[in-house]
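Q: I have a structure here, written as structure tokens, and I will follow up with some questions on it.
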Amino acid sequence: MDTAIEVRDLVIERGKRTVLHGFSCTIPRGSVTGLLGPSGSGKTTLMRAIVGVQIVKSGSITVFGEPAGSASLRRRMGYLTQAPSVYADLTVRENARYFAALHGLGAAEADQAVADVGLKQAAGQLVATLSGGQRSRASLACAIIGEPDLLVLDEPTVGQDPVLRDELWKRFQEMASNGATLLVSSHVMDEAARCERLLLIREGRLIADDTPAAVRASAGTDDLDEAFLRLIRAQEVAA
Amino acid sequence: MNPQILAATTGRILRQLRHDRRTIALMLLVPVVLLTLLYFMFDDQPQIFDRIALVMLGVFPFIIMFLVTSIAMLRERTTGTLERLLTTPLGKVDLLFGYGIAFGLAAAVQAAVASAVAYWLFGLDTQGSPALVMLIAVVNAVLGVALGLLCSAFARTEFQAVQFLPVVAFPQIMLCGLFVARDQMVGWLEAISDVLPLSYAVEALQEVGVHSDPTGTMWRDLAIVAGAVIVALVLAAATLRRRTA
């Protein structure tokens, strides 16, 4: 397995609370890895650490062989924050073209990304006038411009209708097959089945790191929801 | 610093401004309305109008750009766009200079409109050139931008951000020599006035008021204000952390 991201003994504190307790995992290159867990489990904190905006207490994160947050990595990475982070007083197209320009890319790549998230018709609309779901997609468009080598997407499909969700997941898988590494967080289990690998995180600890099939097999059920419940209970018994 | 990224950022900030027609209207009209009030207040005392209007031409851009910038930068912080920008190749300096250039340009338009009204409509009389007045006004505006960028780091909400205006701007306006000549202040007040950048901006404007050619004092004052801009920008850059808790 060719490794894109390697996290070793990561400890992160936010305020007085320890969010990640010596967290370790590896994320393979050219695949979609799902990061699943209840809200407050540390998914966003782990993603912030991987993109290099989180203060880390101890441990290491290596992305493509370099320490997370290195200047050279910023050219190869797209990050979608959980709350849409686009300029409400610009149009969708203006937002996309600005983020494209930051990566040295042009209008064509920006417009392609806007089309990819199904906002072609709304490209000239101010983000402030979009619906919640459209606004999330505008934010997603700004992350996927030019198919970066690493995409860290914090709940990209929340609030989207089933058809769009399906299209977005197909697009993610297509980007992975083109060689990109995607880390996608979700708290919806039906999305887990679409990932090549799963990381299940609960209260800042890794509970499972495997393929969906292996997670089902080890828990002895075909239902991923049920599988996760069983893994969590098994761990509680062990602890 | 990357020229393409700086240009894209400046363009983005100007585009945001362009979509906000009401802010543009307020930026251009408010100084004109205030100058009109001033004109009629000192209807029969044109010398007093000349003295105050000249200083006001430099103070408006400072106040307005301070407010606009501190809110704009606070929005970058609170809406998550700043966090996202810091995961891209954008450098801190690209962002700070982008704001400085974009709002500096906006201030130049504002100063041109206000000066045109003051000189042509209300007969403002200065010995020196209106172009120098506009130059000082733009440097003042950039000072407002730089202090706004810095102060936004200390505000969590827009309510807090607007309250930095009385903290940062009012003492400077009170002690800049407009109300009481600086050399007639009590020693300790004059000492405070000596370290406030707006005092030098106002002195530079007063130099333009009474001398037909730019004086050495005026250039020195302008250099001091520009130096204050650099200091504020460096401090603002220090408050922009890529990694946060």
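Just so it is clear, none of the values below were taken in a lab; they were calculated from the coordinates. Source: prediction; values computed, not measured. Counting neighbours? That spans all protein chains shown, and the Cβs are built from the backbone with ideal geometry, glycine included.
Q: How many angstrom lie between the C-alpha centres of segment A:73-113 and segment A:121-150?
A: So the two Cα centres are separated by 8 Å.
Q: To the nearest 500 deg cm²/dmol, what mean residue ellipticity at 222 nm is calculated for chain B from DSSP H runs of n ≥ 4 alone, each contributing -39,500 (n - 2.57), summed and divided by the residues?
A: My calculation for chain B gives -26000 deg cm²/dmol from helical runs alone.
Q: Let me ask you something else. What is the Cα centroid distance between segment B:34-102 and segment A:7-37, reported in whole angstrom?
A: After rounding, the separation between the Cα centres reads 43 Å.
Q: In straight Cα distance, which aspartates and glutamates are under 15 Å from A:Lys57, not counting same-chain residues fewer than 8 positions off?
A: Hits, sequence-local ones excluded: A:Asp9, A:Glu13.
Q: Calculate one ³J(HN,Hα) per residue across segment A:7-13 by plugging θ = phi - 60° into the Karplus curve 6.51 cos²θ - 1.76 cosθ + 1.60, and present them in order as whole Hz with x for glycine and proline.
A: 10, 10, 6, 6, 10, 10, 10
Q: Which residues does a label at B:Val109 reach in segment B:20-49, if reach means a backbone N under 16 Å from a point 7 Å past the Cα toward the Cβ?
A: Flagged as within label range: B:20-32.
Q: B:Leu29 to B:Val234: extension gain in nm, 0.36 nm per residue of separation minus the Cα-Cα distance?
A: That works out to 70.6 nm of additional length.
Q: Next question. On a 0 to 90° scale, report how tilted helix B:158-174 is relative to the longest principal axis of chain B, with both axes built from alpha carbons and the result rounded to the nearest 10.
A: 30
Q: Separate question: Can you tell me the dipole magnitude for the protein assembly as shown around its Cα centre, using point charges on the Cβ only (Lys, Arg +1; Asp, Glu -1), in Debye to the nearest 20?
A: Magnitude of the dipole: close to 720 debye.
Q: Residue by residue through segment B:26-37, what is 3J(HN,Hα) from phi via Karplus (6.51 cos²θ - 1.76 cosθ + 1.60, θ = phi - 60°)? Round to whole Hz and write x for glycine and proline.
A: So the J values, rounded to whole Hz, are 5, 4, 7, 8, 4, x, 5, 4, 5, 5, 4, 4.
Q: Could you tell me what percent of the DSSP beta bridges with both partners in the protein assembly as shown are antiparallel, to the nearest 5?
A: If I count the DSSP bridges inside the protein assembly as shown, around 50 percent turn out antiparallel.
Q: Taking H placed 1.01 Å from N in the peptide plane, check which residues at least 5 places from A:Val19 or on another chain put their amide H under 5 Å from its amide H.
A: A:Ile12, A:Glu13, A:Arg14
Q: Ranked from highest to lowest mean number of other Cβ atoms within 10 Å per residue, what is the order of the peptides A:47-57, B:152-162?
A: Values: A:47-57: 21.7, B:152-162: 15.1.
Per-residue Cβ counts within 10 Å, averaged per peptide and sorted highest first, yield A:47-57, B:152-162.
Q: Under a point-charge model restricted to the Cβ atoms of Lys and Arg (+1) and Asp and Glu (-1), what is the dipole moment magnitude of segment A:1-123 relative to its Cα centre, in debye to the nearest 20? Mind dumping the intermediate values first?
A: Numbers: 14 positive and 10 negative charges, 72 e Å.
Around 340 debye, computed over segment A:1-123.
Q: Taking every residue in A:36-46, how many Cβ atoms of other protein chains lie within 10 Å of its Cβ, on average?
A: Mean partner shielding for this stretch: 0.
Q: When you look at the Cβ of every residue in A:96-104, what mean number of other chain Cβ atoms sits within 10 Å? Let's see the in-between values first.
A: Details: counts 0, 4, 9, 7, 1, 9, 13, 4, 5.
Rounded to a whole number, the mean comes out at 6.
Q: Go through segment B:202-212 residue by residue and turn each phi into a ³J(HN,Hα) via Karplus (6.51, -1.76, 1.60, θ = phi - 60°); whole Hz please, and just put x for glycine and proline.
A: With the stated coefficients, segment B:202-212 comes to 5, 4, 4, 5, 5, 4, 5, x, 10, 10, 6 Hz.
Q: Grab the other residues whose beta carbon is less than 13 angstrom from that of A:Glu203, score K and R as +1, D and E as -1, and report the net.
A: Residues near A:Glu203 contribute +3 overall.
Q: Which whole-angstrom value gives the distance between the alpha carbon centres of segment B:163-224 and segment A:151-219?
A: A separation of 61 Å, based on Cα centres.
Q: Extension gain B:Met1-B:Leu37, at 0.36 nm per residue separation less the Cα-Cα distance, in nm?
A: Details: separation 36, 0.36 × 36 = 12.96 nm, distance 4.39 nm.
Result for the pair: 8.6 nm of gain on full extension.
Q: By how many nm would the segment from A:Glu66 to A:Ala128 grow when fully extended, if each residue of separation counts as 0.36 nm and the alpha-carbon distance is taken off?
A: Details: separation 62, 0.36 × 62 = 22.32 nm, distance 3.76 nm.
Net length gain for the segment: 18.6 nm.
Q: Another one. Can you classify the protein assembly as shown as rounded, prolate or oblate using the Cα gyration tensor, where a ≥ b ≥ c are the square roots of its eigenvalues, rounded means a/c under 1.5, and otherwise it's prolate if a/b beats b/c and oblate if not? Intermediate values should be presented prior to the final figure.
A: Working: a/c = 3.09, a/b = 2.37, b/c = 1.30.
In terms of gyration-tensor shape, prolate.
Q: Separate question: Using the Cα centre as the reference, give the magnitude of the dipole from point charges on the C-beta atoms of segment A:79-147 (Lys, Arg: +1; Asp, Glu: -1; all else neutral), rounded to the nearest 20 debye. Write down the numbers at each step before the final one.
A: Details: 5 positive and 6 negative charges, 34 e Å.
My answer is approximately 160 debye.
Q: Would you pull out the residues with amide H under 5 Å of A:Thr3's amide H, same chain only if 5 or more places away, H placed 1.01 Å from N?
A: Hits under the 5 Å cutoff: A:Arg29.
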